[in-house]
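Worksheet: one structure, shown below.
A short reminder: the numbers here are calculations on the coordinates, not readings from a lab. Model, not experiment: these values are computed from the prediction. Counting neighbours? That spans all protein chains shown, and the Cβs are built from the backbone with ideal geometry, glycine included.
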Amino acid sequence: MALKRKGKYRSEATKDKISAYLYISPFFIIFAIIGLYPAVFSLYLAFQNWNGLGDMTFVGLHNFNIVLHDPTFWKALYNTIVMGIMGTAPQIIVGVILAFILNQAYLKFKNAFRAMIFLPYITSMVAVALVFGVFFSSNDTALANYILNLFGMDSVAWKTSEWGAKIAISIMVFWRWIGYNTIIYLAGLQSIPKDLYEAARIDGAGVVQQLRYITIPLLKPFIVLTVFFSTVGALQLFTEPTVFLGAQAFSRTEAMTVVMYLYRDAFSLQSFGTGSATAVILLFIIVVASAINTYLTSGIRKKGRRIKS
Amino acid sequence: MKKQWKIGRFFMYLFLVIASFLSIFPFYWMFVMATRPSAAYNAIPPTMTPGDMLVENFQKVLEKIPFFGAMWNTLVVCLVVTLVVLFISSLAGFAFAKFKFPGKNIFFISILLTMIIPPQLGLIPQYFLVAKLDLLDTLFGAMIIFFLNPLGIFLMRQYISNSVPDELIEAAKLDGCSNFHIFRSIVLPIILPAFATLGIIVFTATWGEFLWQFTVLRDPDMYTIQVALSSMNTTSNVDFGMMLSGVFWATIPLVIVFLMFNKLFISSITEGSVK
């Protein structure tokens, strides 16, 4: 009897194992085909010279040499970093302030305000780029220029000037993502016990002190999270500049990003070797940036915990 | 002291009102431009009230791009991707939450690691893979790379291990239920709220997707709406009224759905990133 039960238990455990492998297999099969194989093939292609049709020839580090000696690549990397910082860093400050206000108990129409601020996130990046493309058109009569003129400033050629294009694209990124970050910070604030503020208020702490000594420290893990997302997202910037610049997207360099450089190499210039080399360099940059990020915010411990739990 | 608080409140409201205005103004302005001729754009002072070309501008959109076809293609892509991701993620999440098997942790960590790979790394080989399989200019080609969603497995594992009691599964096993039967009749009904969360995240993200479809779709009849919209902006002499009309009609369905379910939307997006 005891033996029989043990036998049944065993077969049950084996069945469970088979089921489990079966259930996780779809992900790994798809990953092998459209994730792992392309990633490995990219690494291989980065060392080949290939126009997409003929034979590949092994060229060693030549592709990396070409890319790293191309001023356009460095310009693209510089643009990506500048627009990344201008588009995402102000979001942290404004997002924390907005979340702090939205979390106030006395606030009326809380849901309406929250929905309005979140609304831009629902729109696609293409839609945002097209609408802002008209707002920031290079005409003197562009709405953005009209507003500048109202304040006595000169019109800007938003699509063709070095800083005009960067500022316009950063504003787009900011506008679309600020609601998202605010919502994350709001979730963080809601996890802070209310009596902490109550106690601070009784001790005579003003709004600024509350922000500085309660809100910011307890919000830190959430800020780390958004900084991480923003950094990775900013390094992959492609849609906004491409759609914003339209016909001239790949012929000018004021707002060309690393991914646009990659795309141009591969799909306009049919130079798939250097395109892949750029992809590998991008991977390297993202890994390094994430590591620096994690290190600077000293969130290594916290992240580890989040993954485990 | 009290007066100071009143002033503080006033400035907080002011800040919120300005922020809300800046958030919704582009939507209003897009609507205004969608009802005006392109020349209205050059008016000084700027036009801020709707005109009478709402229908006319949209007719021009229909002449320029296959708008409804593109909306339909996008809907198909989003629905299929969402269903496939929900299926794969819940099944794998179930396995990671409730089964013991060798290599479980290694498998799970390797799924999390795949999140670090930037999608652009595989872009070129993925393009050639899809070309080789003769899937360029097909909706299946446009959706295939989005079936991979490590975040979905992570969320589902989390939800299943918290909300499906082990006793329930044990009891069903004693009754002789197969594992897949347990998944279908016990786990699935319990995790429906998580389906809503993950479904909203995946659907919204897929709706806005651009780079991949821009790469694999060249035939205008197969365009998704994002590629179709962007194709309006490739000539230097664009009719702004027409272009923003297209953007307006492509944006409005999602905005309406969002306004109806905004609490669910917002909590889904929060859960997707904070959990």
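Can you compute the helix-only [θ] at 222 nm over chain B? Use -39500 (n - 2.57) per DSSP H run of at least 4 residues, normalise by all residues, nearest 500 deg cm²/dmol.
Computed ellipticity for chain B at 222 nm equals -22500 deg cm²/dmol.
Would you mind giving the mean number of other chain beta-carbons within 10 Å of the Cβ of each residue in B:257-268, as a whole number?
Average per residue, whole number: 3.
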For this session: Find how many whole Å separate the alpha carbon centroid of the range A:231-303 from the alpha carbon centroid of the range A:78-109.
Result: 23
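Please sort by residue number the trypsin sites (Lys or Arg not before Pro) in the range B:83-135 whose DSSP state is loop and whose Cβ has at most 10 other Cβ atoms within 10 Å.
B:Lys100
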Problem set entry | 222 nm mean residue ellipticity, helices alone, for chain A (DSSP H n ≥ 4; -39,500 (n - 2.57); rounded to 500) | -23000 deg cm²/dmol
Exercise. Is there a simple number for the mean count of other chain Cβ atoms within 10 Å of the Cβ of residues in A:127-139, and what is it?
Worked result: 6
Problem set entry | Among A:Leu36, A:Gly87, A:Thr278 - extreme Cα towards positive end, dipole of chain A, charges at beta-carbon | A:Leu36
Seminar exercise, completed: For the range A:31-48, in residue order, the Karplus 3J(HN,Hα) values (coefficients 6.51, -1.76, 1.60; θ = phi - 60°; whole Hz; Gly and Pro = x) are 4, 4, 6, 10, x, 6, 4, x, 5, 5, 4, 4, 4, 5, 5, 5, 9, 10
Exercise. Non-local amide H neighbours of A:Gln48 (under 5 Å, H modeled in plane, Pro and chain starts lacking H): which ones?
Worked result: A:Val59
Seminar exercise, completed: With the 8 Å Cα cutoff and a minimum separation of six or more residues, chain B has a relative contact order in percent of 32
Exercise. In peptide B:172-180, how many Cβ atoms from other protein chains are near each Cβ within 10 Å, on average?
Worked result: 2
Seminar exercise, completed: Expressed in angstrom and rounded, the centroid-to-centroid distance over alpha carbons for the range A:34-75 and the range B:193-255 is 30
Exercise. Rounded, prolate or oblate: which one fits chain A, using the alpha carbon gyration tensor with axes a ≥ b ≥ c (rounded when a/c is under 1.5, else prolate when a/b beats b/c, else oblate)?
Worked result: oblate
For this session: Quick one: compute the contact order of the range A:64-308, relative version, from alpha carbon pairs under 8 angstrom and 6+ residues apart, as a percent.
Result: 29
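Looking at chain A, which longest stretch skips every one of the chymotrypsin sites (Phe, Trp or Tyr not before Pro) that is in a DSSP loop with at most 11 other Cβ atoms within 10 Å, leaving the sites themselves out?
On the way: sites that count: A:Tyr106, A:Phe151.
Formally, the longest exposed-site-free interval is A:152-309.
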Exercise. Cα to Cα, under 13 Å, and not fewer than 8 places away if on the same chain: which aspartates and glutamates meet these conditions relative to B:Lys100?
Worked result: A:Glu12, A:Asp16, B:Asp166
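Given contacts defined as C-alpha pairs under 8 Å and at least six residues apart, what's the relative contact order of the range A:120-252, whole-number percent? It would help to have the intermediate numbers written out before the result.
Values: 98 pairs, mean separation 42.0, N = 133.
This gives 32 percent for the range A:120-252.
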